[in-house]
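Here's the structure, in structure tokens; my notes come after.
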Amino acid sequence: MTFLVILGVIIVLVIFYQIGKKEENKSTKNGIGFKVETKINKSVDKDSDKWEIVHRKTDRWNELGFGDDDKFPGYGRLYEREFEVWYCEIGSKERKDIQKFVDKYPLNYDPKNYQEIVGEGVYLEQLTNTKDYETLYTALDNKNRKRWYFALVSSKPLWIQTERAIEKENIQETKQEIEVPDGWTLVRRNSKDWVGSGFGDGELFPGYGKIYERTFEVWYCEIGSKIKVPQPDFIDKAILNHYNGICGDLGKLKGKGLQFDTLEKTQGYKSLLTTVDKKERKRWYFGLKDTKPTYIYTERAE
């Protein structure tokens, strides 16, 4: 009898041990049988404690040398970022003028003051194909027939997280950081008003700044001939010096990816552009003959 009691106790202990192992397996494995680690979350929480939140227009803000205009560091977590910069001439893949560029900015901002390198009126766009860089931007300089690239090669946290001023700075005051010309309405990129105005990316991108309705007189000449073949006027809405998508809605040129040159001799037009369609053996001309302000002023999204 005593033997049976001992045997029964042993069986009960074995059953409880097996139940305990099953519960342990459920808590340490996911649905496909791999252990779930939580150390990464603890590490992230630990890094979060390192960030010092600095509000705009406070003593600490000024102590760090932050201000407005060129000194404004952007809102968010600041990083020291190193970019590799180069350009390729239109139609070539050879990298030229390779240089390093370093700024201190949030990760999701365009390179700071990049127009000091590419020139005024040339705008960066972020590429989805990063070619194994952390981030890759490109900018097309039609006038000088160059395509610029800014490749983010490294970034390290500065452990400073900037925020708007406490209480005093409301949303309306924040928007006034952009100096909108009198009589013009600010439309930020990717906002409802932006889309509602018919703006987008690629062919529809109008550039940043004052938007005008532009009317171009259009014609072409056969290669080797000076005889003009008139075409219907072309009308678009863009900033005055933005020509990337000028032929986007012109059926005969749409989708051909032609690059325009700005001619010095304007033949009486406000500006005169030309491009060559080698396949069709035609040289096209777009003469800007009229501009009307739309009173829309475009800028990047907040």
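We did not get these values from a lab; they are worked out from the coordinates using the rules stated. Quantities reported herein were computed from a predicted structural model and do not represent experimental measurements. Glycine gets a Cβ as well: all are built from the backbone with ideal geometry, and neighbour counts include every protein chain shown.
Rank the residues Phe83, Phe234 as a footprinting-exposure proxy: fewest other Cβ atoms within 10 Å of their Cβ go first.
Working: Phe83 25, Phe234 19.
Ascending number of Cβ neighbours within 10 Å: Phe234, Phe83.
Taking a virtual spin label 7 Å from the Cα of Lys131 along the C-beta vector, which residues in the stretch 148-163 bring their backbone nitrogen under 18 Å of it? Under 18 Å, as judged by backbone N against the label point of Lys131, lie 148-154 of the stretch 148-163. Fewest neighbouring Cβ atoms within 10 Å first, the residues Asp277, Asp182 line up as Asp182, Asp277. Among the listed pairs Lys96/Lys156; Lys96/Lys237; Lys146/Lys278; Lys50/Lys104; Lys112/Lys156, a Cα-Cα separation exceeding 23 Å is found for Lys96/Lys156; Lys96/Lys237.
Taking the beta-carbon count within 10 Å as an exposure proxy, list Glu89, Glu179 from fewest neighbours to most.
On the way: Glu89 12, Glu179 7.
By the 10 Å Cβ count, ascending, the order reads Glu179, Glu89.
Close amide H partners of Leu158, meaning residues 5 or more places away or on another chain with modelled amide H under 5 Å apart, are Leu78, Tyr79, Glu80.
Charged side chains reduced to their Cβ positions (Lys and Arg at +1, Asp and Glu at -1) give the stretch 52-173 a dipole of some 380 debye around its Cα centre. Simple rule: put +1 on each Lys or Arg Cβ and -1 on each Asp or Glu Cβ in the stretch 52-173, find the dipole, and look at Leu158, Asn108, Asn142; the Cα lying farthest toward the positive end is Asn142. Within the stretch 185-299, DSSP assigns beta bridges of which about 90% are antiparallel (rounded to the nearest 5). Coupling constants for the stretch 133-140 follow from the phi torsions by the Karplus curve (6.51 cos²θ - 1.76 cosθ + 1.60, θ = phi - 60°), and in residue order they are 7, 4, 8, 9, 10, 9, 8, 9 Hz; glycine and proline get x.
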